[in-house]
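Data block below; observations after.
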Amino acid sequence: MIIAIDGPAASGKGTLSRRLATHFGLRHLDTGLTYRAVAAALLAKGLPLGDEAVSVEIAHNLDLAQMDKSVLSSHEIGEAASRIAVLGGLRQELVELQRRFAEKPPGAVLDGRDIGTVVYPNATVKLFVTASAQARARRRTDEMIAKGQEANYASVLEDLKRRDERDSQRTVAPMKQAEDAVLLDTTEMDIETAFQAAVDIVSRA
Ligand code: CDP
């Protein structure tokens, strides 16, 4: 059983995916972390983000168990992740890694941008989780402030819009709702309501 969850930055897909995995007894992979881990390694080595050969090599040696969300969640790494996510060879390497993770029983919830379109076009159920840019920027700002980071709503909103634009306009595996995905707009929902809606969608499938 594979549950594919896609959607733009700060749409709530991460929290939903984690909770769905717990609820249905499945494994969970935040595929955004795989792009973030490669970006973080390039930044740490001072290497250019456009170097595909090096990024493929880093991806090839990536250990999912070593990915630390608290370290990788920084704004700078998210921006760099979105820049390297346009590299076709890198995507191919990471998609293979993601499939190897998901194929172990009993199945998995994968969240990202291209799960329902590229990684698992035959997923058991697909959700496209979204919310207005304003609601997403508000959530991301609150999240950063809660972590003690500096955050400014207006610049967070600008950054989200720029990243959405880059993610949806790239030629390789652009972010888009799969034809057979169910749209879940969480603009007016708190996390509990969104979770119940997602459980209903998955249960029906
Ligand atoms: O948590 P947030 O929504 O801010 O971002 P993320 O899911 O960690 O993803 C970071 C970046 O990785 C995205 O902006 C995408 O460019 C890229 N990504 C992707 O291209 N494909 C995926 N399956 C997951 C992430």
Practice problem: Tally up the carbon and sulfur contribution to the accessible surface of region 2-199 as a whole percent, 1.4 Å probe, everything protein left in place. | Solution: 52 percent
Quiz item: For region 1-60, which trypsin sites (Lys or Arg not before Pro) are both in a DSSP coil and crowded by at most 13 other Cβ atoms within 10 Å?
Solution: Lys45
Quiz item: Dividing the alpha-carbon radius of gyration of region 122-187 by 2.2 N^0.38 Å (N being the number of residues), what value is obtained?
Solution: 1.31
Quiz item: Which translational diffusion coefficient, to the nearest whole µm²/s, is obtained for the chain from the Stokes-Einstein equation, given a Kirkwood hydrodynamic radius over C-alpha pairs, 10 °C and 1.306 mPa s?
Solution: 93 µm²/s
Quiz item: Expressed in nm to one decimal, what extension gain is obtained for the pair Val172 and Arg83 from 0.36 nm per residue of sequence separation less their Cα-Cα distance?
Solution: 30.8 nm
Exercise. Mind jotting down the distance between the C-alpha centroids of region 109-141 and region 1-72, whole Å?
Key: 13 Å
Practice problem: Give the cross-link partners of Lys45 among the aspartates and glutamates, using a straight C-alpha distance below 18 Å as the criterion and excluding same-chain residues fewer than 8 apart. | Solution: Glu57, Asp63, Asp68, Glu76, Glu79
Quiz item: Out of residues 5 or more away from Arg27 or on other chains, whose amide H comes under 5 Å of its own, with H placed 1.01 Å from N in the peptide plane?
Solution: Gly107, Ala108, Val109
Quiz item: With every protein chain kept in the model, how would you rank Asp111, Asp68, Asp30, Asp180 by accessible area, 1.4 Å probe, largest at the top?
Solution: Asp180, Asp68, Asp30, Asp111
Exercise. Would you please give the residues with an amide H less than 5 Å from that of Asp185, counting only those at least 5 places away or on a separate chain, with H modeled from the backbone geometry?
Key: Thr130
Quiz item: Ranked from the most accessible area to the least, with a 1.4 Å probe and all protein chains present, what is the order of Ile191, Ile2?
Solution: Ile191, Ile2
Exercise. Would you mind working out the accessible area per residue for the chain, using a 1.4 Å probe, and quoting it in Å²?
Key: 48 Å²
Quiz prompt | Whole-Hz ³J(HN,Hα) from phi, Karplus 6.51 cos²θ - 1.76 cosθ + 1.60, for region 127-136, glycine and proline x | solution = 10, 10, 9, 9, 6, 4, 4, 5, 5, 5
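The values are calculated or read from the model by the stated rules, or taken from the named source; none is laboratory data. Computed from a predicted structure; not experimentally measured. Ideal geometry is used to build each Cβ from the backbone, glycine not excepted, and the neighbour counts take in all protein chains shown. Only protein heavy atoms, including side chains, enter the accessible area calculation; ligands, DNA and RNA are left aside. Shrake-Rupley method; radii C 1.70, N 1.55, O 1.52, S 1.80 Å.
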